[in-house]
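> Here you go, one structure.
Where a number appears in this text, it was derived from the coordinates with a stated rule and is not lab data. Keep in mind that what you see is a predicted model, and the values were worked out from it rather than measured. Neighbour counts are summed over all protein chains in view; Cβ atoms, including those assigned to glycine, are modelled from backbone coordinates with ideal geometry.
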Amino acid sequence: MRVMNVSKDYARSGTALRDVSFELRKGEFVFLVGHSGAGKSTLLKLLSMAERPSLGEVRVSGYSSSSITTREIPHLRRRLGIVFQDFRLLPDRTAEQNVAFALEVTGTPHAQIAPKVARLLTQVGLTSRATAYPHELSGGEQQRVAIARALANDPFLLLADEPTGNLDDRATHAIFVLLREINARGTAVLMATHNVGMIQRSNLRFLQLDQGELRFDGTDTARLLADMRGRR
Ligand SMILES: Nc1ncnc2c1ncn2[C@@H]1O[C@H](COP(=O)(O)OP(=O)(O)OP(=O)(O)O)[C@@H](O)[C@H]1O
């Protein structure tokens with residue numbers, strides 16, 4: 001996955017990203033950090049091709065933002081998993097029905113759906129809550145369902161837009177551990193977060209956006225901490 005000299009301008013709010021370039025290698029885990037409005041969500045939308053760059057090019061899974069057609073975008077999306085801060089579960093479906101739905105819409109043979117849903121719910125540690133509705137689940141549990149759903153079609157890359165933004169410290173830690181396990185099984189993860197402590201403890205690569213510019217790409221968290229504190 002490559003982002004090459006990408007800028008994104010929105011008609012009403014101006015420049016959200018300016019000349020951003022980086023590469024994500026197969027199976028990597030990378031954080032995306034920056035203050036509110038720095039461009040993190042915009043960058044994730046460019047990777048799922050929900051938005052197109054104003055300048056530059058995004059390449060994901062053999063598709064290019066310069067040439068992908070509207071019809072091809074759903075094919076790309078099936079190869080990606082996407083999770084959001086606000087979970088976005090279907091409120092009138094149970095945990096297992098939410099996960100099954102992702103398999104139904106991609107045409108998974110009926111007989112394969114139930115066993116796959118069971119496996120996914122086991123993977124995220126939610127077998128005992130399979131028949132609960134979203135409003136009966138804690139935030140951390142809802143995010144586990146959303147992650148199981150995102151994994152349904154075996155994505156090579158999981159895009160997570162502040163997945164722990166609505167969770168307390170304990171649930172945040174548990175979701176991070178789960179994302180690391182998913183990554184250990186081979187799925188690349190790009191995780192937007194405000195949680196500097198999590199980045200510091202993990203010693204993983206991070207991309208830091210600042211007002212739409214890629215300010216840092218690496219693992220030097222001492223630098224990140226100084227910078228985030230200095231600008232608060
Ligand atoms: N659909 C849109 N139309 C117009 N402007 C937008 C749109 N989406 C984002 N922006 C603007 O682009 C800039 C970057 O926003 P973005 O949501 O990418 O930041 P972020 O780093 O994800 O912020 P947060 O941490 O608050 O989610 C902001 O100035 C925002 O107002």
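> Nearest 10 degrees is fine. How inclined is helix 95-105 to the longest principal axis of the chain, computing both from alpha carbons?
80
> Calculate one ³J(HN,Hα) per residue across the range 129-137 by plugging θ = phi - 60° into the Karplus curve 6.51 cos²θ - 1.76 cosθ + 1.60, and present them in order as whole Hz with x for glycine and proline.
The phi angles translate into 10, 4, 9, 7, 8, x, 5, 8, 10 Hz.
> If each residue of separation counts as 0.36 nm, what is the full-extension length gain between Ser13 and His110 once their alpha-carbon separation is subtracted?
Taking 0.36 nm per residue and subtracting the Cα distance, the gain is 30.4 nm.
> Along the charge dipole of the range 92-154, pointing to its positive end and built from +1/-1 on Cβ of Lys, Arg, Asp and Glu, which listed residue (Thr122, Tyr133, Thr108) has its Cα farthest out?
Thr122
> Oh, and also: Can you tell me, using C-alpha contacts under 8 Å and at least 6 residues apart, the relative contact order of the chain as a whole percent?
28
> Right, another one. Given H placed on each backbone N at 1.01 Å, which residues far from Phe29 in sequence or on other chains put an amide H within less than 5 Å of it?
Val189
> Where a ≥ b ≥ c are the square roots of the eigenvalues of the C-alpha gyration tensor, would you call the chain rounded, which needs a/c under 1.5, or, failing that, prolate if a/b is larger than b/c, or oblate?
Taking the square roots of the gyration eigenvalues as a ≥ b ≥ c, the chain is oblate.
> A further question on this structure: So how tilted is helix 110-123 from the main axis of the chain? Cα-based, degrees 0 to 90, rounded to 10.
60
> Still on this structure, I have one more. Packing-wise, with mean Cβ within 10 Å as the measure, how do 192-203, 212-223, 43-54 rank, highest first?
Descending packing order for the listed peptides: 43-54, 192-203, 212-223.
> Summing -39500 (n - 2.57) over the DSSP H runs of n ≥ 4 in the chain and dividing by its residue number, what mean residue ellipticity at 222 nm do you reach, to the nearest 500 deg cm²/dmol?
Dividing the helical sum by the residues of the chain leaves -11000 deg cm²/dmol.
> Under a cut-off of 27 Å between alpha-carbon atoms, report the lysines in cross-link reach of Lys116, not counting same-chain residues fewer than 8 places apart.
Reachable lysines: Lys26.
> So how far apart, in nm, are the two label points at Ser66 and Ser138 if each is 7 Å from Cα heading toward Cβ?
In this crude label model, Ser66 to Ser138 measures out at 4.9 nm.
> In debye, nearest 20: dipole of the chain around its Cα centre with unit charges on the Cβ of K, R (+) and D, E (-)?
Around 280 debye, computed over the chain.
> Tell me, how many Å apart are the Cα centres for the range 162-221 and for the range 21-86?
16
> What is the helix-to-structure angle for 221-230, meaning the angle in degrees between its Cα long axis and the longest Cα principal axis of the chain, kept from 0 to 90 and rounded to the nearest 10?
Between the helix axis and the principal axis of the chain, the angle is about 70 degrees.
> So what J values fall out for the range 66-77 if you push phi through Karplus, 6.51 cos²θ - 1.76 cosθ + 1.60 with θ = phi - 60°, rounded to Hz, Gly and Pro as x?
7, 10, 5, 9, 4, 5, 7, 4, x, 5, 4, 4
> Amide H neighbours of Ser7 under 5 Å, counting only residues 5+ apart in sequence or on other chains, H built in-plane at 1.01 Å?
Hits under the 5 Å cutoff: Asp19, Val20, Ser54, Leu55, Gly56.
> Now a separate question. Need one number for the range 79-155: average projected area of the convex hull over its C-alpha atoms, nm². All intermediate terms of the calculation are to be shown ahead of the outcome.
On the way: hull surface 18.2 nm².
Spelled out: convex hull of the Cα atoms, projected over all directions, averaged, 4.6 nm².
> On to the next question. Treating only the Cβ atoms of Lys and Arg (+1) and Asp and Glu (-1) as charged, compute the dipole magnitude of the range 92-154 about its Cα centre; round to the nearest 20 debye.
About 140 debye.
> What shape does the range 20-71 have by the C-alpha gyration tensor, where a ≥ b ≥ c are the square roots of the eigenvalues, rounded means a/c under 1.5, and otherwise prolate means a/b greater than b/c and oblate the rest?
Cα axes put the range 20-71 in the oblate bin.
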